[in-house]
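Asks: Here it is: the structure, laid out below.
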Amino acid sequence: MTAKATATAQALDRPPLPGWRLRVPAYAAACLAAPLAHRPPAVILRILSLVGRGARGADYASVCAYRAAVVAVSPGCRGQQGCLRRSLAVVLLARLYGQHADWCVGVRTSPFAAHAWVEVDGRPAGEEAGGEVGSYRTLLSSRPAA
């Protein structure tokens, strides 16, 4: 595949860029999520717990918009391989707007795979309709204590 064909294919996978008021914070959140994704799960949970203090619950539509913005501005957050960075960036972006979204990590056994996603009120935000998130068993989540 030529470089031009690859660039065209990647552009088709990218949602339209959001306006500047969302584009810049989405880019900042994606940049913050990159090194965070390399930390151990316990450290990630501790950091998300700290940044989530005092935040109000996020609404589903806002989190879906945050996810689309992150995917649009960051190639590293696209596709199945970008799920960890993408989910962390979405949670961080929600926090920048004073909201708390639930970060979840799960696994499935047949075939074995791991996945990270964001939920609002127990509903996966921005995942494909009827997607595979339901086939994953949640192992970690950053849900606030009840």
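Asks: Please report the carbon-and-sulfur percent of the accessible area for the chain; probe 1.4 Å, protein heavy atoms only, DNA, RNA and ligands left out.
Replies: Using a 1.4 Å probe with all protein chains present, the chain comes out at 59 percent carbon and sulfur.
Asks: For mean projected area of the Cα convex hull in nm², one of (1) 13.0; (2) 9.6; (3) 10.3 was computed from the structure I shared and the rest are decoys. Which label?
Replies: Computed from the coordinates, mean projected area of the Cα convex hull in nm² corresponds to (2).
Asks: Label points 7 Å out from Cα along the Cβ direction at residue 132 and residue 81: separation in nm?
Replies: Using points 7 Å along Cα→Cβ, the separation is 1.5 nm.
Asks: Under the definition of Cα pairs under 8 Å and six or more residues apart, what whole-number percent is the relative contact order of the stretch 44-90?
Replies: Once divided by the residue count of the stretch 44-90, the mean separation gives 28 percent.
Asks: Could I ask something else about it? Could you report the stretch 33-146's accessible area per residue, 1.4 Å probe, as an integer in Å²?
Replies: Dividing the accessible area of the stretch 33-146 by its residue count gives 51 Å².
Asks: Here's a follow-up. Give the calculated FRET efficiency between residue 23 and residue 46 to the nearest 0.05, with a Förster radius of 30 Å applied to their Cβ-Cβ distance.
Replies: That pair, residue 23 with residue 46, gives E of 0.55.
Asks: Let me ask you something else. Which order, highest average first, do 58-64, 36-42, 99-105 follow once you tally other Cβ atoms within 10 Å for each residue and take the mean per peptide?
Replies: So the peptides 58-64, 36-42, 99-105, ranked by packing, come out 99-105, 58-64, 36-42.
The values are calculated or read from the model by the stated rules, or taken from the named source; none is laboratory data. Nothing here was measured: the structure is a model prediction, and the numbers come from that model. Quick reminder, even Gly has a Cβ in these numbers, built from the backbone with ideal geometry, and neighbours come from all protein chains shown. All accessible areas refer to the heavy atoms of the entire protein, side chains included, with ligands and DNA or RNA removed. Shrake-Rupley method; radii C 1.70, N 1.55, O 1.52, S 1.80 Å.
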